[in-house]
Amino acid sequence: MTARQLGMVIDLNKCIGCQTCTLACKSQWTDRDGREFMYWNHVETRPGKGYPKDWEQAGGGWDGDTLRPGRLPRLHEDYGYPAEFGYEVLFEEGEKPLRPKEEMAWGPNWDEDQGAGEYPNSYFFYLPRLCNHCSNPACQVACPRQAIYKREEDGIVLIDQERCRGYRYCVAACPYKKIYFNPLAGKSEKCIFCYPRLEKGLPQACAYQCVGRARHVAFLDDQEGALHQLVNQWKVALPLHAEYGTQPNVYYVPPLSPPKIGSNGRSLDEPRVPDEYLVQLFGPGVGAALEMLREEMAKKNRGEASELMDLLIAYRHGDMFRLDRPREVV
Amino acid sequence: MRLHSSLQRSRGVSTGIITAVMGAALLYGCAESPREGAGAQMLRETNRLSDVVQQSVWPWRLDRWEGMAATVLILHPQRMILPRLDKGAPVEARLWAQMDGGQLLLRIDWPDTSEDRYSTAHTERFADALAVQFVADDGERLPYIGMGEPERPVHLWFWRAGRETEALTAHGFGTLEPDIANPAPEAVVQRTAEGWSLLLSGPLPVQANPLAVSLAVGDGAEAGRDGRKRLSSWHLLRLPARPVDQARLATLAGAAGSDGDIERGRRLVQERGCTACHRLPGSPSGDQGPDLTLAGGMHWPGYLRRSIAEPNAFIVPDDRYRTPEAGSLMPALNLPESEVEDITAYLSSLR
Ligand code: SF4
Ligand code: SF4
């Protein structure tokens, strides 16, 4: 536990899977020098195998107070390497199509929009993922060189690039697989929660650029902040895979979904995205959170006031970010 | 071809280490006087000392070591500190050492059936690696074998297949950092059918004579890195053409052996409760203290003797081995001297 903890809430009902956050992060931090395959932030389609492929089966996290073993994702097979294209063919005669030079095997949104279920009850939703800047970070404990530290003033988890020797115990230990080994540099790297931006009063690139206004940023102990209100008061924002034991600080408002359609073509009294599936991801609080969202939505639909809806709608973009820091840009 | 025949020849003599070292002395005629002190003799008998010959072998190539005998060092899986290498057989490395002017040349051959080179196209692979550890000072007691101790730093030459070599320094486990005082060694490497043959050279990182060194190898195929390595115990190199600190040699010789009774020691580790906390052959469950199943392969008897008699003298750098008051978890046993010696002899036999 650090003195303060900055966190993020991502409202999955507002995420449209546009990957603007992904590119905001990539163009800011990971577009070169061995980071090409890394997506500190990405949006995966659920149900799906995600990125890196099958990360939920890759181990890591805590088993009581001991680290659970984990495996290291492979560059081409599990992350997927950005393809080179043979642009020369465009200048050649004939109708040869532009194709990657090497067959790609996976990528950060490889199974995008596939989801599960059969028409007319097929379903999916988007899950943006980034480092959770955990309060009990398995990555930090796994490093025998104490190269990973958690900042006292905001709980941001960082890798000291001078101390890192590329042992990758952290990569195996992070159950979210949000540490990436840079094979060119020979060191591990991860989301830095945009601390250089924060220190200038700017919100994280992924949050700030979100066109759906799906991301709130605040300190957890800030009673006026969205984190405290959505997580502790309204209890509609839930951690992803809390059972991994790392105490993540990115929270998600679980997705509502339209009703299932019965064989007679009528709507059933059952949501398209099965509650059990959401419980697997976000834990037992899912039912109550969805119920709360439905109730408050209904209020708003009836023309009544709803503080929760107003908070989630975020009429003023600037209100979504409470950084407690000098703000040069709002 | 020439390399191969030289490898074969040295394997032939490696069974008799003493013969091998003496062979080198005779061949080059530049070792110390044959009537050397009892200390040096003791160190030789326990394979803890060998002579470095002075010879100009420029240009430094791997095939210029014909006929020179090697020192054989056994590298054991590191099991004292996490992360460790829990499984695996020891590895036999052959070390040739020469001085050419102020340059130290070390050729090390070690078996490793899979060739694992660093690859920028993979995130899950590890490269084969070798480190030479040099004790930085000329203290009368050698520091802890695992990266030295606070205030007892070590210098390292570090090589990894497919990467640049590095000069590193450390003063305890987890403290490894770039060594700004020394240049990275030059490396000439050859992949042989059975493993690696590596020549490292550079200015002497330490001026002490004898110079204490140890070898560590990491096997990429078993995700070797950090503590997941095989490690030799300290070995003394007597450098040519410069004065030898005879007093230090004599003191170090006192740490090189034990005249305790191995069999009595074997019984005593049960009777005195050592096995309750330490893993030992036949007692696999102790995990409160460092694993001692290979104690003799990694530590000199002197280190073991001191640790038994004074548990607080040096605590293996792992939080699990300390009490909250930062003392050793191991109680002072106040054993009679003869029992300390018997246990020392027994632990030293474990390798
Ligand atoms: S999400 Fe992974 S990398 Fe980020 S703090 Fe948690 S354990 Fe560490
Ligand atoms: S907080 Fe910054 S570094 Fe982290 S995922 Fe978002 S944009 Fe990338």
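The values are calculated or read from the model by the stated rules, or taken from the named source; none is laboratory data. Values in this document were obtained by computation on a predicted structure and should not be read as measured data. Positions of Cβ are generated from backbone atoms using ideal geometry, with glycine treated the same way; all protein chains shown enter the neighbour counts. Side chains included, ligands, DNA and RNA excluded: accessible areas come from the protein's heavy atoms. Shrake-Rupley method; radii C 1.70, N 1.55, O 1.52, S 1.80 Å.
For residue B:247 and residue B:337, a Förster radius of 22 Å and the Cβ-Cβ distance give a FRET efficiency of 0.35, rounded to the nearest 0.05. Label-to-label distance for residue A:54 and residue B:351 is 4.4 nm, based on points extended 7 Å past Cα in the beta-carbon direction.
For chain B, the alpha carbon positions stretch 57, 57, 37 Å along the principal axes, listed from largest to smallest. The listed residues B:68, A:104 rank as A:104, B:68 when sorted by accessible area, largest first, using a 1.4 Å probe.
Inter-chain Cβ neighbour count for B:122-129, averaged per residue, equals 6 (cutoff 10 Å, partner chain atoms only). Taking chain B as the reference, fit the longest principal axis to its C-alpha atoms, fit the long axis of helix B:262-271 to the helix C-alpha atoms, and give the angle between the two in degrees, 0 to 90, nearest 10. Between helix and principal axis, roughly 40 degrees. Within 10 Å of the Cβ of each residue in A:166-172, the mean number of Cβ atoms contributed by other protein chains is 4.
Return the FRET efficiency for the residue pair residue A:112, residue B:177: r is the Cβ-Cβ distance, R0 is 45 Å, and the value is rounded to the nearest 0.05. Step by step, r from the Cβ atoms, then E = 0.55. Modelled label positions at residue B:262 and residue A:146, each set 7 Å beyond Cα in the direction of Cβ, lie 4.1 nm from each other. Full extension of the chain between residue B:54 and residue B:84 gives 7.0 nm of extra length, using 0.36 nm per residue less the Cα-Cα distance. On the basis of the beta-carbon distance and an R0 of 51 Å, residue B:140 and residue A:280 show a calculated FRET efficiency of 0.20.
Sorting B:317-328, B:141-152 by their mean Cβ neighbour count within 10 Å, with the most densely packed peptide first, gives B:141-152, B:317-328. Put the Cα centre of the range B:184-201 next to the Cα centre of the range A:1-66 and the gap is 41 Å. Taking 24 Å as the limit for the C-alpha separation, the pairs A:53/A:101; A:190/B:229; A:187/B:229; A:101/A:178; A:178/A:260 exceed it in the case of A:190/B:229; A:101/A:178; A:178/A:260. Partner shielding of A:176-188 amounts to 2, given as the average count of beta-carbon atoms from other chains within 10 Å of each residue beta-carbon.
Scaling against 2.2 N^0.38 Å puts the C-alpha radius of gyration of the protein assembly as shown at 1.18. Taking Cβ atoms as reference points and 9 Å as the exclusive limit, the residues near residue A:161 contribute a net charge of -1, counting Lys and Arg as +1 and Asp and Glu as -1. Report the accessible surface area buried between chains B and A, summing both sides, using a 1.4 Å probe on protein heavy atoms only, in Å² rounded to the nearest 100. Looking at B and A, the buried total is near 1700 Å².
In order along the range A:282-291, phi translates into HN-Hα couplings of 10, x, x, x, 4, x, 5, 5, 5, 4 Hz, rounded to whole numbers, per the Karplus curve 6.51 cos²θ - 1.76 cosθ + 1.60 with θ = phi - 60° and x for Gly and Pro. Each label point was placed 7 Å from the Cα along the Cα-to-Cβ direction; for residue B:310 and residue A:319 their separation is 6.9 nm. The spacing between the range B:77-153 and the range A:247-268, judged by their C-alpha centroids, is 56 Å. The slack between residue A:63 and residue A:102, meaning 0.36 nm per residue of separation minus the straight C-alpha distance, is 10.1 nm. Taking the helices alone, chain A has a mean residue ellipticity at 222 nm of -4500 deg cm²/dmol, built from -39,500 (n - 2.57) per DSSP H run of at least 4 residues and averaged over all its residues.
Cα extents for the range B:53-239 along the principal axes, largest to smallest and rounded to whole angstrom: 42, 39, 29. As a rough guide to protection, the peptides A:108-116, A:241-249 ranked by mean Cβ packing within 10 Å, highest first, stand as A:241-249, A:108-116.
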